[in-house]
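Here the structure comes first, spelled out in structure tokens, and everything after it is commentary.
Bear in mind that the values in this text are calculations on the coordinates, not laboratory data. Treat the numbers as computed from the prediction; the structure is a model and nothing was measured. As a convention, Cβ positions derive from the backbone with ideal geometry for all residues, glycine included, and neighbour counts pool all protein chains shown.
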Amino acid sequence: MKPRTFKYLPAASLCLLSAVGPSASAAVIPFVDGITFGSGGQNVMYPWVSGTRANVTFENYAGGISFYSSLPETSHGANDGGFNFYGTPFNILLGSDLEYQGVFSIWDVASYSNGAGYYPVFKIDTAADTAAFRDVNVSITNGSLSVTGGLNLTATSGNGISVNGSSIFTIDGTGKVVYASGRPVSISSTTPSSSSTTGALVVSGGIGVLKDSFINGIRIGKGEGSNGNNTAFGIDVLLNNTTGFSNTAMGATAMRANTTGYNNTAVGLNSLFQNTSGASNTSMGSYSMYANVTGMSNTASGVSSLQSNTGGSNNSAFGDHSLYLNTTGYNNTGVGAYSLNTNSTGNNNTAVGFQTLYYNTTGSGNVGNGYQNLFLNTTGSQNTAAGSQALYYNTTGFNNTGTGSGALYNNTTGAENSAHGFQSLFLNTTGANNTAGGTWALRGNTTGYQNTAAGARSLYSNTTGANNTASGYKALQGNTTGSSNTAVGSLSLTASTAAIANTAMGTLALSLATGSNNTAVGTNTLSEGIEIHYNTAVGNGSLRKNTANNNAALGNGSLSENTTGTFNTGLGTNALYANVNGWNNVGVGTSAGYSKSSGSGNVFVGASAGQYQGATGTTALTATTNSVYIGYESRAYNNSDNNSIVIGANAVGAGANTTVIGNAATTHTHLKGRTMSPSLEVAGVAEFKGQVVITTPQGDIPMFTGY
């Protein structure tokens, strides 16, 4: 049956309908199929009973009731048709016995509480600006709930919010929100994360979390185990910890295997990854102390520092890959990238600088301070290197000390060497017991041993020479294979190459000499001799120009001008000073034989003895042979007087082949004992005490002249 429609009915029509109802207070319209009320300018909802408005009750048995208006939905007014309700309050009653409660309410009179009356299921109170549900569940299907303003939830203990039948959180007895197990909270935001208050989650009062939290897989909390003194931050950090305590792990899988280790700090990816029971370790940097298991009291800072350490203790590694391969070595200190990189079991090593002691494996007690010091050292022990690339090639050499850039650079197996200065003992390989102090000291030494060089470039070129001592700038600089030489003083023995047993003490002493067995003490002593041997010069400038052999000069300037003369001895300042090529001369005393330049076989004893000639003693004696002058300023009668013997202070010779005893002030000459002479000439008075025996050959007659 089609719905029946009442259109444009006058008010009286409804009044007539009111008589049809079962009572005078209501109009009852029974239809099985439903009723459609339409309005076209007329209201059909004004039933009157005894001159007053009354309720209209529709009894719907099978169909539905529809109210509609021809006016646009947005133009409806209070009396514009549609479904209009009047009266304050307006209530939709489910059941019976409506009681006034709000502006708009839905009641269920079947619900009753505490005998105080009936309560609305839903109520809108405009005075309180509230809308409330009571004793019912609200369900939204295939839709959403939008709230502008605030959402207040009042729940009793144990109740909360459920989604799809599963509890999300409940309220405990203290009013706290308890999230259900397995129901994580997800917060998303289009606002980039930052330290500002516009992030995805802003908490002004702090967050209390009873267990570890995970953010994008990163763990924040104390890690596994029962001890609450651990701090864990990162993926799988402290994952296997059981009883370990006071550990701090930050970075993915840091301290992942730790079980009982304590007082450890690990910062960085895989730092202290395999540590189980090791304690008191500090590891900072990716893979730092990665393999440590039981090692204790280690400190590692830098990527892969102490990465392979397993049981080594008391090690300190600062720098990328420092002590990288150390396993059980202990008491090592590496400061600088790749320092002690390959050390495995070596102990008590200290390396400071990039790649210092890089290849050391089992060597112990080494100290390297500087770039690539002891770089190739493997098993050498008790070495000390300070300076860039000092002891760079040392492998097994021990008890070496290299201080200065490149000191003992090429040393491989040489032992007990000491080098102090830039590239000192630079080329030494197997030489042992050498000491070099100064820039390039013993630089070229390779296998030479027991050499000592102190001073820049001292023993610079020495290769295999041994037992040499050089002290001073360029002392023994050119020595290569010479041995047992001693040079003390700037440029002393500087040109010697293969000579042996020379001693030079003083600036330029033996500076040009290449011969052997010379001794020069004093500035410029034997300074111009080259291929000379067995000379001894003591005193500044002594034997300065000597180029010959077997001379001895003691005193400043003694034999200073000697060049080719040999077997000369000068004792005293300027003794035999001017001798050039004479040989077998002896001068004893200051300026003894000073002026003689040529002539041999002379003896000068006394200050200035034989220095002058002539009665006045102002002219130099330059040449004489086989003469003897004894006494202060004893002198020849003429220059070139040979075979002249003059004895006495200021005594003047009588010419060649004469002997003078005494000077002009001599009054008596006493000849003790028996005097034998093939001839006797007496000038003046001769006094004889005792016998005078004159023996002549047979047939000769003694002759006396004079009166």
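Sort 217-225, 660-668 by the packing proxy (mean of other Cβ within 10 Å over each peptide's residues), most packed first.
217-225, 660-668
On the beta carbon distance between residue 581 and residue 680, with R0 = 45 Å, the FRET formula returns roughly 0.75.
Proximity of backbone amide H atoms, modeled 1.01 Å from N, is registered between residue 219 and 234, 235, 236, 237 at under 5 Å, excluding neighbours fewer than 5 places apart on the same chain. Through the Karplus equation 6.51 cos²θ - 1.76 cosθ + 1.60, θ set to phi - 60°, convert the phi angles of segment 490-502 into ³J(HN,Hα) values in whole Hz; use x for Gly and Pro. Along segment 490-502, the couplings run 4, 6, 5, 6, 5, 9, 5, 10, 10, 5, 10, 6, 9 Hz.
Close amide-amide hydrogen proximity is noted between residue 317 and 299, 300, 301, 334, each under 5 Å apart and 5 or more residues distant or on a separate chain (H modeled in the peptide plane; Pro and chain starts excluded). The calculated P(r) of segment 326-445, using every Cα pair and 5 Å bins from 0, goes 4, 17, 29, 25, 15, 8, 3, 1 in percent. The alpha-carbon atoms of segment 385-459, seen along their principal axes, cover 28, 24, 17 angstrom, with the largest extent given first.
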